[in-house]
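J.: First the structure, which I've put down as structure tokens, then a few questions once you've had a look.
A short reminder: the numbers here are calculations on the coordinates, not readings from a lab. Computed from a prediction, not measured in an experiment: that's the story for all the values here. Here Cβ is always computed from backbone atoms with ideal geometry, including for glycine, and neighbour counts include all displayed protein chains.
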Amino acid sequence: MTEFIQGILNNHFVMVAALSWFLAQLIKTLLNLLMTRELVLERMVGAGGMPSAHSAFVVSLMVTAGRICGWHSFEFAICFALAAVVMYDATGVRQAAGQHAQVLNQIVNTMYENFHVVYEIEKKHNFDFFRKRTKDDPDDAKQLEVRESNQLLLKELLGHTLLEVAGGVILGIVVALLYPLP
């Protein structure tokens, strides 16, 4: 097992990518602290925000592959393709999913703000989703507590803007170029 761990710790590809990811998450947390004056440790592992940790991770891996294996190598080509897919996903699919979550949260919050209307819809159409919640039922009480505290139902910060991805790309390139190689 120690040989396995030593192998990982001596793998420049893994170490550069992990360092890039960690620095991106740290920067994201510190920027959030500066903007909100509140330390939110979830930002150390959470998705979304500036810079994109996913982009920093894959771009630093790609640049390290180029530096070690050569810019014409098969390894660099694979890392390039991986980086392109991850960055496209971050700005496309995950960004859209976050926008969908925002809309769904607004719909659900509006429904619960107008609970009497929702209850009438439930009676008319017999939907369980719209049934009246009671504080006597532990599951219902928990859902009511969430609604009353205005907590979001779905996570909205999932993807990245192009600027956030660009920040991750720059960070990944810088870390990969500054990291000493064997």
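J.: Could you tell me which GluC sites (Glu not before Pro) in the range 29-86 are loop residues by DSSP with no more than 11 other beta carbons within 10 angstrom of their beta carbon? Intermediate results must be reported in sequence, preceding the final value.
T.: On the way: sites: E38, E42, E75; in loops: E38.
In loop regions of the range 29-86 (DSSP not H, G, I, E or B), the sparsely surrounded GluC sites (Glu not before Pro) are E38.
J.: List T29, T36, T64, T2 from most exposed to least, where exposure is judged by having the fewest other Cβ atoms within 10 Å.
T.: Values: T29 19, T36 10, T64 27, T2 6.
Fewest-to-most ranking of T29, T36, T64, T2: T2, T36, T29, T64.
J.: I've got another one for you. So what J values fall out for the range 81-92 if you push phi through Karplus, 6.51 cos²θ - 1.76 cosθ + 1.60 with θ = phi - 60°, rounded to Hz, Gly and Pro as x?
T.: So the J values, rounded to whole Hz, are 5, 4, 4, 4, 5, 4, 5, 4, 4, 4, 8, x.
J.: Let's test the formula: R0 of 45 Å, r as the Cβ-Cβ distance of M1 and E38. What FRET efficiency results, to the nearest 0.05? Mind showing how you got there, number by number?
T.: Values: r = 40 Å, r/R0 = 0.89.
Efficiency, from the Cβ-Cβ distance: 0.65.
J.: Can you pull the one-decimal nm distance between simple spin-label points at C69 and L178, each 7 Å off the Cα toward Cβ?
T.: 2.6 nm
J.: Which FRET efficiency value, to the nearest 0.05, do you get for L9 and A77 by plugging their Cβ-Cβ distance into 1/(1 + (r/R0)^6) with R0 = 30 Å?
T.: Values: r = 26 Å, r/R0 = 0.88.
Using R0 = 30 Å, I get an efficiency of 0.70.
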